[in-house]
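So that we are looking at the same thing, I have put the structure below in structure tokens.
Since every read-out is calculated from the coordinates, none of them should be taken as a lab result. In this text, all values refer to a predicted model and were calculated from it rather than measured experimentally. Don't worry about glycine lacking a Cβ; one is built from the backbone with ideal geometry, like all the others, and counts go over all protein chains shown.
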Ligand code: A2H
């Protein structure tokens, strides 16, 4: 961070608009604001855009996190797809011509609050779960990536602890138990240090209790990243058996070629 360019993979996580079941959860009317956009979201494919440094872990996606205090824009691409992300990210994407509209060009079609994006059924590329849900995360930074974080609890301590918080205190976080309960972490990468569920293991070792343990989570993130990236071996997918360092660029390129992802720098 700080100096230099961070190269993310933008993962296109499709919102299953037709499968949204509008309902009241705590103070929120799930799906209502999105469905109220009518044609904008009903006649075109709509995607939450998650920024990740670990495209090889996408097999383990169990949900997708948004920040409930943040605001998101809906941006239409030249191909008629709708991308959902922070406005800050959209501006960067425009300069990289991610939208295909010409350098610096973007077409914003709507704005939604983070709370209005929670509880939506999603299709996440490569995930072993057919449908996953968008969920609230406390530590989503507005100033990093797209402000959308795909959840891979098997390999990310942050994602694991957030899923655990949401399970323990679903009413407090205004999430339905069925959005979080049936989405166990599944082994994606094996490591000599922490086995094949690095996220939960590192949280256990460091005795991390919740998303509030920010300093410990920073250390956990460091440990998990090093173990997975330098010493990890894929245990699922077409590149099963390959070291993570070799599999990562291959899986990333496959996602891009299939139209499920793109390169995004900042
Ligand atoms: B990573 P860096 Cl499996 N706020 O993707 C908070 N976190 C964010 C974010 C934001 N606005 N945007 C992206 N991120 C997360 C996968 C993953 C990630 C795994 C393991 C570690 C890991 C699945 N979540 O990141 O500060 C995203 O989560 C730890 C390095 O730019 C993204 O990659 O280094 C990573 O943080 C980018 O963090």
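Mind listing just one residue for me: the one in the range 123-140 that is within 12 Å of the ligand (Cβ to nearest atom) and under 12 Å from the mean Cα position of the chain (by Cα) and, of those, surrounded by the most Cβ atoms within 10 Å (Cβ to Cβ)?
Here the residue is 124.
Condition first: free of Cβ contacts under 8 Å to residues at least 40 places away in the same chain, in contact with a strand residue (DSSP E or B) (Cβ under 8 Å, 6 or more places away or on another chain) and surrounded by 13 or more Cβ atoms within 10 Å (Cβ to Cβ). Now tell me which residues in the range 202-255 satisfy that.
Selection gives 227, 242, 243.
Moving on to the next point. Which one is surrounded by the fewest Cβ atoms within 10 Å (Cβ to Cβ) among residues in the range 34-48 that are in contact (Cβ under 8 Å) with a residue 40 or more places away in the chain and within 16 Å of residue 133 (Cβ to Cβ)?
34
Out of the residues in the range 192-201 that are closer than 19 Å to residue 62 by Cβ and surrounded by 15 or more Cβ atoms within 10 Å (Cβ to Cβ), state the one that is nearest to the chain's Cα centre (by Cα).
Once the filter is applied, the top-ranked residue is 199.
Could you tell me whether any residue of the range 14-31 is more than 15 Å from residue 117 (Cβ to Cβ) and within 16 Å of the ligand (Cβ to nearest atom)?
Checked against the condition, which is being more than 15 Å from residue 117 (Cβ to Cβ) and within 16 Å of the ligand (Cβ to nearest atom), the range 14-31 yields no hits at all.
Working carefully through the options 127, 170, find the one that is within 23 Å of residue 204 (Cβ to Cβ) and in a loop (DSSP other than H, G, I, E, B).
None of the others qualify; the one that does is 170.
So which of 69, 162, 143 is touching a residue at least 12 places away in the same chain (Cβ under 8 Å), within 15 Å of the ligand (Cβ to nearest atom), out of contact with any strand residue (DSSP E or B) (no Cβ under 6 Å at 6 or more places or on another chain) and under 18 Å from residue 33 (Cα atoms)?
69
Moving on to the next point. State all residues of the range 83-98 that are touching a strand residue (DSSP E or B) at 6+ places or on another chain (Cβ under 9 Å) and either part of a loop (DSSP other than H, G, I, E, B) or buried (at least 22 other Cβ atoms within 10 Å of the Cβ) (or both); if no residue qualifies, say none.
83, 84, 85, 86, 89, 90, 93, 96, 98
Another question, then. Determine if the range 150-158 includes at least one residue that is surrounded by 17 or more Cβ atoms within 10 Å (Cβ to Cβ) and either more than 10 Å from the ligand (Cβ to nearest atom) or in a helix (DSSP H, G or I) (or both).
yes
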